[in-house]
1. Is it the case that residue 141 is touching a residue at least 40 places away in the same chain (Cβ under 8 Å), over 17 Å from the mean Cα position of the chain (by Cα), on the phi < 0 side of the Ramachandran plot and assigned to a helix (DSSP H, G or I)?
2. Go through 194, 127, 118 for me and flag whichever is of a type in the set (A, V, I, L, M) and within 30 Å of residue 229 (Cβ to Cβ).
3. From the set of residues in the range 31-49 that are of a type in the set (S, T, N, Q) and at pLDDT 90 or above, which is nearest to residue 145 (Cα to Cα)?
4. Among the candidates 26, 121, which residue alone is surrounded by fewer than 14 Cβ atoms within 10 Å (Cβ to Cβ), in a helix (DSSP H, G or I), modelled with pLDDT of 90 or more and of a type in the set (Lys, Arg)?
5. Would you please name the residue that is nearest to the chain's Cα centre (by Cα), looking only at residues in the range 29-46 that are in a helix (DSSP H, G or I) and not polar (S, T, N, Q)?
6. With respect to residue 149, is the statement that it is in contact (Cβ under 8 Å) with a residue 40 or more places away in the chain and at positive phi true?
7. Of all residues in the range 1-24 being of a type in the set (Asp, Glu) and over 25 Å from the mean Cα position of the chain (by Cα), which is nearest to residue 88 (Cα to Cα)?
8. For the structure I just gave you, tell me whether residue 176 is touching a residue at least 40 places away in the same chain (Cβ under 8 Å), surrounded by fewer than 22 Cβ atoms within 10 Å (Cβ to Cβ), farther than 21 Å from residue 93 by Cα and not β-branched (Val, Ile, Thr).
Amino acid sequence: MEYTDTHRALVQVFMENKMLTIPDIKEVLQAVNESDREISVNDTIKLINEKLHFLHLEIKSITLQDTTETVYCFVNTLPDKVMEFSTIFSVTEITILKKLIEMIMLHRSNDSDEEYYISRKEAIILIREQSSLQVNQANDLLHKLVENKWFERRGDKYTLSPLCLIELKDMLIEKYQTRKENGIVNICQLCEGIVTLGVRCTCYIRLHHDCFRKYNVINPQETCPNGHNLPQGMVGKIFYEVQENETNS
């Protein structure tokens, strides 16, 4: 397949939006494709990645943990340089971003030992401790981090976005270690992605909800891949449930 203006247009859209669904990608391809021939999303992404490889950039797919929808993210493959390359943020804002990510990863509550989020109040306090920003300015920074796909807002809580999870995966594992290694990062036993919403066992095994459903097809008993019975109350959420009346506003 030849690298054409269609591929360049899609890269431009990815650079502007950072994360696209499959329907989003198809819409772009249809808009710029001058022929009647249907263009394969997978083939298009594969060719683009061949061109981006030398720039340490890549388009990677990830399955959303709550909806199981597949999205594609435009990521930097040099995790130690990811934040520094985010030129829209100041040095102070990058420092705050790192502190917020650390707080999310280390968060503990009375309800669960694996809740990967921080409240808006906690985030505001941290931002003001790390800077001279007022409350309204701290709120603006949080909004900026959500708009640029670093965080997701669920009601009054903030968690790591799919883009952040896929782009910083190696860095997070290196810094915090996986639960199998007595660390705190949950890795799905099936897809090997980071789990912040899913099913947990009393051992280190963690599974995304969708991965657990697939696993249950071949293993209808409520046991983990290590053969342990999943205790009552443990088959369910690691993260908080999103209420139907919650909004991202």
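1. Taking the combined requirement at face value, the residue satisfies it.
2. 194
3. Taking the candidates together, the pick is 49.
4. 121
5. Result: 45.
6. Answer is yes for this residue.
7. Selected residue: 5.
8. yes
The values are calculated or read from the model by the stated rules, or taken from the named source; none is laboratory data. A quick note: this is a predicted structure, and the numbers were derived from the prediction, not measured. As a convention, Cβ positions derive from the backbone with ideal geometry for all residues, glycine included, and neighbour counts pool all protein chains shown.
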